[in-house]
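The values are calculated or read from the model by the stated rules, or taken from the named source; none is laboratory data. Because the structure is a prediction, the values reported are computed rather than measured. With ideal geometry, Cβ positions are generated from the backbone for all residues, glycine too; neighbour counts draw on all protein chains shown. Only protein heavy atoms, including side chains, enter the accessible area calculation; ligands, DNA and RNA are left aside. Shrake-Rupley method; radii C 1.70, N 1.55, O 1.52, S 1.80 Å.
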Amino acid sequence: MRTPLIVGNWKMYKTVDEAVHYVKDLCNLVKNINDVNVVIAPTFIALHATAKAVRNNKVKIAAQDLYWKAEGAFTGEISGALIHACGTQYVIIGHSERRAMFAETDTHVRKKVTAALTHSLTPIVCIGETLDQRESGKTFDILDHQIATNLADIKTEQLAQLVIAYEPVWAIGTGKNATPMQAAEAHSHIRSHLASTFGKEAAVQCHIIYGGSVKPKNIQELIAQPDVDGALVGGASLEVQAFFEIISRSRKATV
Ligand code: PGA
């Protein structure tokens, strides 16, 4: 039912030419993989060219952020309408780097999720606790708060169109991934929370992917956990062979 989803988040790396070259290579590498969905999130300036390069292929493109207004005098911002018009299908929202470095709040994330859905983009909503919060036993409270506020405007029938990325902040770019047990526990908690808010039927349709130091060597044990439906990959997505390894090792019997 939930086909594994592997998303490469390139952050602020790669020129447009490098991005196009990479996605063409990736399309070739994954052409025979039908049981994993693959998404690349380049910078805004590479969205149009990469979306064009992957047209009619199984690789899809994501933006790394959006602004919630459709258009207007908002210097420097990019709307869901503009992102969708250049052939993009997904958008990452509320990444911990945006929350920590660019003052993004739960209210901003809530508005961005609605804007994404309005413009036919699949939101990949990032949630997760810091090391302090984990060590003081607050992980589940933080996740509950983020789900409740970030998805406050979501209707039951929209849940299947959402992807939740559980990204413990202490695991991002640190080489310290959550253990399979920690990931399993958090993902199962998130799904239970979704079930209590939206009903079990809707909750089982929502993809919950894991992010934080995912590498070819640890993906298999993470994806083997029943509620881990894929991965959001930063550093290890920058090199096409490593990313392809992660995709190949993500195949599992769909649940
Ligand atoms: P990482 O980044 O794989 O480099 O830890 C993950 C992310 O930021 O989404």
- Which condition breaks for G173 when tested against (1) in contact (Cβ under 8 Å) with a residue 60 or more places away in the chain; (2) open to solvent by 60 Å² or more (accessible area, probe 1.4 Å); (3) more than 16 Å from the ligand (Cβ to nearest atom)? (3)
- Query: Mind checking whether some residue in the range 144-165 is of a type in the set (V, I, T), more than 15 Å from the ligand (Cβ to nearest atom) and in contact with a His (Cβ under 6 Å, 6 or more places away or on another chain)?
  - Reply: yes
- Message: Can you pull out every residue in the range 141-157 that is touching a helix residue (DSSP H, G or I) at 6+ places or on another chain (Cβ under 6 Å) and under 15 Å from A115 (Cβ atoms)?
- Response: N150, A152, D153
- Note on the structure: The residue that is nearest to the ligand (Cβ to nearest atom), considering only those in the range 87-108 that are closer than 18 Å to H207 by Cα and surrounded by 24 or more Cβ atoms within 10 Å (Cβ to Cβ), is H95
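Does the range 21-35 contain any residue that is within 28 Å of R110 (Cβ to Cβ), within 19 Å of the chain's Cα centre (by Cα) and touching a residue at least 24 places away in the same chain (Cβ under 8 Å)?
Going residue by residue through the range 21-35, those that are within 28 Å of R110 (Cβ to Cβ) are none.
No - not one qualifying residue is present in the range 21-35.
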